[in-house]
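Beneath this line is the structure, given in structure tokens, with notes to follow.
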Amino acid sequence: MTMTSLNVNVGIDAGSHTSKLAYDDKVIAALDGFNTLELREQAEIFFDEPVFSCVIALPDSLTRRERDDVIFNAKRSGFRNINIITAHEAMRDALGDDAGRVLVYDFGASKSDITMFDGGEVIDNEIISDVSGDEFDEVFAQWLSDRFTLDLIDKKILRGHAEKIKISLSSNEFVVWRDVHITADDLERLIHFTIKRAAHTIERFIACYEPSRLVMTGGCADTPIVRKIFGELNLNVRTDFDGELIARGVASKARELSKDTHGADRVSKAARLRELRGELIELEDMLTRKQKDRLYFLFRQAEGILPGDPAIITLMENLIKAIRDEELGVNR
């Protein structure tokens, strides 16, 4: 990919359990947790170029301090230009202003977020904190404890086992745990009531606003058991499952910001600095102490003023050229 075609922003959907790195309507990578350094490294592997800018979609419920912590960690990971948008803004960008009335159910690990959009605007929203993937793990862990008499096992460890079994049952009909077969039907029976509670809220939104469709997103929306149960509910509205809705929305916002020519120029200069550092390393054996000190001083100056003062970059280029020309002349 050439430098002129490189868009400076990548999109990040920051979830409570997993994060998705997206660009140009595609999900590049999905990682456990929220590690901005790993996300940036994945972006640079994808582009084979340095990446300094990102757009991060954060849950609307985060406090100001939590948002500041995200920005701090992103800066520490090497991102220099950081734009924050809410998950609702990302949903809106993914749906488009002409989508009409759309009900979005963000079924995440820590909560459920039900949002009614009309022409790209949020007209109603409700958060259900006790209907989530974590709730599934809690119920399932309790079932395992009761069935296998595991009262002595640490609850946190047991929940970890429950989560692993739940994930495995998403793609298998059964798993064997402690020499006992646990089936997908066992898990379905346990979480069916939890999902029905969420369905009642969705039915109320549908009756009130008459949306053209329901879009299910979030980590739990990708779970076959959840899809099966919701598919069997009579909600009287077309239901689409799109676990990457927020990721596509934040990628759309990143693409929009990437049209900024100043941003592209900033990345181009940063890349040139990286190339110059490589040239300096190659030249080290033929540099005098004075030349080496001078060039590295200029490099640190240019890097500290990121995206780099073009005058300093030009000066470094001219000095390196002069040194190369002098060495070439000596060896003739």
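Every number here is computed from the coordinates shown, using simple stated rules; none is lab data. These figures come from a predicted structure and were not determined experimentally. Methodologically, a virtual Cβ is constructed for each residue, glycine included, from the backbone with ideal geometry; neighbour enumeration extends over all protein chains shown.
Quick notes
- Estimated FRET transfer efficiency (residue 209, residue 156; beta-carbon r; R0 51 Å; 0.05): 0.80
- About the Cα centre, charge dipole magnitude for the stretch 123-180 (Lys/Arg +1, Asp/Glu -1 at Cβ), debye: 400 debye
- Taking a ≥ b ≥ c as the square roots of the eigenvalues of the alpha carbon gyration tensor, the chain is prolate, as a/c is not under 1.5 and a/b beats b/c.
- Under 5 Å, built H, 5+ apart or other chain: amide partners of residue 10: 53, 54, 55
- Rounded if a/c under 1.5, otherwise prolate or oblate - the stretch 101-243, Cα gyration tensor axes: prolate
- Under the Karplus curve 6.51 cos²θ - 1.76 cosθ + 1.60, θ = phi - 60°, whole-Hz ³J(HN,Hα) for the stretch 160-177, x wherever Gly or Pro sits: x, 4, 4, 5, 5, 5, 4, 4, 5, 6, 5, 10, 10, 6, 7, 10, 9, 10
- Between the amide H of residue 177 and those of 182, distances stay under 5 Å, these residues lying 5 or more places away or on another chain, with hydrogens modeled in the peptide plane.
- At an R0 of 30 angstrom, the distance between the Cβ atoms of residue 76 and residue 98 translates into a FRET efficiency of 0.15.
- Leading residue at positive end of dipole, the chain (Cβ point charges), from 221, 19, 245: 19
- Dipole magnitude of the chain about its Cα centre (Cβ charges: Lys, Arg +1; Asp, Glu -1), debye to nearest 20: 840 debye
- Modelled FRET efficiency - R0 41 Å, residue 237 with residue 45, Cβ distances, 0.05 increments: 0.50
- Peptides 284-291, 52-59, 79-86 ranked from most to least packed by the mean count of surrounding Cβ atoms within 10 Å: 52-59, 79-86, 284-291.
- Listed by Cβ neighbour count within 10 Å, with the fewest neighbours leading, 272, 213, 65 appear as 65, 213, 272.
- Of 32, 24, 154, the one that fluctuates the most in a GNM where the chain has Cα springs shorter than 10 Å: 154
- Residue of 97, 293, 60 that the Gaussian network model of the chain assigns the largest fluctuation, springs spanning Cα pairs under 10 Å: 293
- Take every pair of alpha-carbon atoms less than 8 Å apart whose residues are at least six positions apart; their mean separation over the length of the chain yields a relative contact order of 20 percent.
- DSSP bridge pairs, the chain: antiparallel proportion in percent, nearest 5: 60 percent
- Prolate/oblate/rounded label for the stretch 24-171 (Cα gyration tensor, a/c 1.5): oblate
- The stretch 172-254: GluC sites (Glu not before Pro) in DSSP coil with no more than 10 other Cβ atoms inside 10 Å: 173
- ³J(HN,Hα), Karplus 6.51/-1.76/1.60, whole Hz, each residue of the stretch 220-227, x for Gly, Pro: 6, 5, 8, 7, x, 5, 5, 4
- Gaussian network model of the chain, springs between alpha carbon atoms under 10 Å - residue of 23, 296, 209 with greatest fluctuation: 296
- Inter-label distance, residue 300 to residue 315: 1.5 nm, where each label sits 7 Å from its Cα along the C-beta direction.
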